[in-house]
Amino acid sequence: MRRLTRPVLCLLLCLSLPAFADQAKTLYEKGADAEARQNYEQAYDFYKQAYALKPKELRYRASFERTRFLAASSHVHRGQILRDGGKLEEALGEFQKALEIDASSFIAQQELKRTQQMIQEAQNPQPQASAGSSALRRRLESAQGPVELGAISNVPITLKMTEDTKVIYETIGKLAGINVLFDPDYTSRRVKIELNGVSLEDALEVVSFETKTFWRPVTSNTIFVAQDNPAKRKELEQNVIKTFYLSNLSQPTELQDVVNAMRTILEVSRIQQLPSQGAIVVRGTPDQMALAQKLVDDLDKAKPEVVVEVAVMQVSRDKMRNLGINPPTSATVTLQPNINTNTNNNNNNNNSNTSNTGINLNTLANLNATDFQVTIPQATATALLSDNNTKLIQNPQIRALDGQKATLKIGDRVPVATGSFQPGIGGVGINPLVNTQFQYLDVGVNIDITPRVHAGREVTLKLTLDISAVTSFQNIGGIQQPVIGQRKIEHEIRLKDGEVNLLGGMLEDQQTKALTGIPGLANIPILKYLFSQTNTEHRENEIVFVLVPHIIRGPEASKASAEMLDVGTANAIELRRASRPAVPAGNASGAAVQTPTAPALVPVQPQPVQPNPATTAPQPANGNGTFMFDPPSLSQPKGATFTVNVMLSGGQNIYSVPLQLNYDPNQLQVVNVSNGGFLSQDGQAVALVHRDDPATGTLQVTATRPPGAGGVSGQGAVVTLTFMAKETGQSALTITRGGARDPAMQPIALSGAQAAITVQ
């Protein structure tokens, strides 16, 4: 059995080899078909199987290695599309498949690492430093960007003060809910500030401009104020560093142009360019860095591109007509070869025979017509018409970047002798060697185009168009030199996108007419057709150059690049931020709650209207105090202006009083809000802020004593409200939210109040 098994196995192996060979060929053909359809992943699988069956077949191996890169790139491209669509997990799978196909694909490794990092950041918004990272790495990962102030309420306010600049800054800081620090060298002075309907952030800008100071954020709720001078700014302004990568550089000088713009416009002195990386490292203030980012965004644009379609059309036509009879124009008379002449005078003595080539003088007298032979050429009748047409069309296309020269050469390089020299080795009897120098000229179609794309889909083309050919050769100094015919155009034109323009259309028309025949007879009208021949030739040669520009990428100009920005003064570059929208009336109380120095407005229960506040004083609720109106009710005619005092009774250690009042906006209009005198009973200045929303009839008022001043106690008018009666009717003036704070900013509860308003 063993002896029989071995031959059987050999037989089966021999039978299977052709099957394997046919299978590998089939797989290879399937791979070629898939590759032709640009399905590189499927083609890679087929080629891989064919190569595995026949690893010694070089054709299979070459196809397998070639499509390996294409299949991996296909997975990478699909993964990038998925990641841009937010499908990170699916994109990660595509990048992993790309690495399984081609482990050496660096782009697949980069994209895989980037996607893994994005997934990790999505799962852990606060990235933690790895345990194995160094202290410097942990410090870098924990580093923050430039400090900015937190959310500041930008509801329009009104503030009128004549006070020391430090007091003004601290007052605005209290209203904005931020801490204010001063430079030790800061010198304050007394100024007058009047702010009407500005935001709290704008108030800081106005005060800094008025007092010749500047401020910068230290934390999200703290600012530092110093005198405005270059030395202090350099000492105190914060610095940040950023690396800008320019991705659309085509020439090294473009990177230098961006650097020069930053140095000149932004006055950035600490800047370093890295041409090898196409990057710029900049250190400066946050505002300078923001403007540098704007410059990079505006200047780092993909250059416009143009495809110029060039058509060179040459049409040659040669028409020739040769018609007529060419008669004999000459006759030849010769002597007969043998001339025998008998002379009577010496016939007895001599018999003279002439030679075959001539005669003697004695025979001249005896010559007759039979001694001569006349030869006349034959006449030729010609009727020939020749018509040759030659068309030469060249249609190259040139793609060029904006401002970059593009060159196209189609033809041959012809050697032309430019000079010769003789080395000093000659001697007597020795011919010295002569070396001839040559240069090569481009003969054919030579095109140089420099496009410039403009707005409005127009293109300026600076071009040189040269059409040349070797027409003949001439011997100069023993050297055959080519004679080159040339048609050249060099100019600058401006065309619209897709506009067809004809350049240098040249037409050569040559007519030649020749008459050949017998003089006299050739000029007779009828006989000339029998005794002459007419040769007429008409040559036409026309060359037309056609240019058609097509813009395939236009200039990119964003709307932001055309807008003006406030960048500060000539001495200091800083951005002026737009004010945030005002807080809606329904959320005004919430905004006030977030600021520690803008006391919270808590709902209060309105007290009943007192018929006579002078005789019946309200009792403090829970011993803390209460609000009331003076007068509690009043009647005014339509169009009249009247005042109402907001009184506080039973207050102890009162430092700040915020309150919210509701009124009927259809019946009343707020004219003015002024200090009532309760908080300034000791002569201290009071910062008064009011916010009126006439659409909802909501008036918010905050009265605050100066920073560092203590509280006051007792009874008096906190603010005085001035209204104008608009329409007749009855309405109520109600304190819906309110309270007070002591110097430690601890809340003090107060009861509300209500007044009745009648407009007649």
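The values are calculated or read from the model by the stated rules, or taken from the named source; none is laboratory data. Note that the structure is predicted; figures quoted are calculated from it, not measured. Here the Cβ is made from the backbone with ideal geometry for all residues, glycine too, and neighbour counts use every protein chain on show. Just so you know, the surface numbers come from the protein's heavy atoms only, side chains and all, with ligands and any DNA or RNA stripped out. Shrake-Rupley method; radii C 1.70, N 1.55, O 1.52, S 1.80 Å.
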Under-5 Å amide H pairs with L181, H placed in peptide plane, nonlocal only: I223, F224, V225
Percent carbon-and-sulfur accessible area, segment 699-760, ignoring ligands, DNA and RNA, probe 1.4 Å: 46
Under 14 Å from K559, Cα to Cα: aspartates and glutamates that are on another chain or at least 8 residues apart: D297, D298
Packing rank of 549-559, 314-324, where each peptide gets the mean count of other beta carbons within 10 Å, highest leading: 314-324, 549-559
T418 paired with T643, simple spin-label distance in nm, labels 7 Å along Cα-to-beta-carbon: 10.0
Pairwise label distance in nanometres, K726 with Q42, each label 7 Å out on the Cα-Cβ vector: 7.4
Full-extension gain in nm, Q437 to T158, via 0.36 nm per residue minus C-alpha separation: 91.4 nm
Reachable aspartates and glutamates, given that their alpha-carbon falls under 12 Å from the alpha-carbon of K462 and they are not under 8 places away in the same chain: D402, D448, E490, E492
Residues T219 and L634, FRET efficiency given R0 of 51 Å [Cβ-Cβ distance, rounded to 0.05]: 0.55
Full-stretch length increase - A756, R114 - with 0.36 nm per residue and alpha-carbon distance subtracted: 224.3 nm
Net charge of Cβ neighbours under 13 Å - reference A400; Lys, Arg +1; Asp, Glu -1: +2
Computed E for D664/V500 - FRET, C-beta separation, R0 60 angstrom, nearest 0.05: 0.25
Reachable aspartates and glutamates from K54, criterion Cα separation under 16 angstrom, eight or more residues apart if same chain: D22, E29, D45, E65
Karplus 3J(HN,Hα) series, Hz, for segment 294-310 with 6.51 cos²θ - 1.76 cosθ + 1.60 (x for Gly, Pro): 5, 4, 5, 5, 6, 9, 7, 10, 5, 5, x, 10, 9, 9, 9, 8, 10
Mean Cβ neighbour count within 10 Å, used as a protection proxy, ranking 482-494, 217-229 highest first: 217-229, 482-494
Which listed pairs, of K25/K56; K212/K294; K301/K409; K48/K97; K48/K87, have C-alpha distances above 21 Å, in listed order: K212/K294; K301/K409; K48/K87
Stretch gain in nm, segment V281-E29, where the contour uses 0.36 nm per residue and the Cα spacing is subtracted: 85.3 nm
Spin-label pair A52/Q486, simplified geometry with 7 Å Cα→Cβ offset, distance in nm: 6.5
Among 458-466, 68-76, the order from most to least packed when residues are scored by Cβ within 10 Å on average: 68-76, 458-466
Theoretical FRET efficiency, 1/(1+(r/R0)^6), r = Cβ-Cβ of A469 and I526, R0 45 Å, to 0.05: 0.45
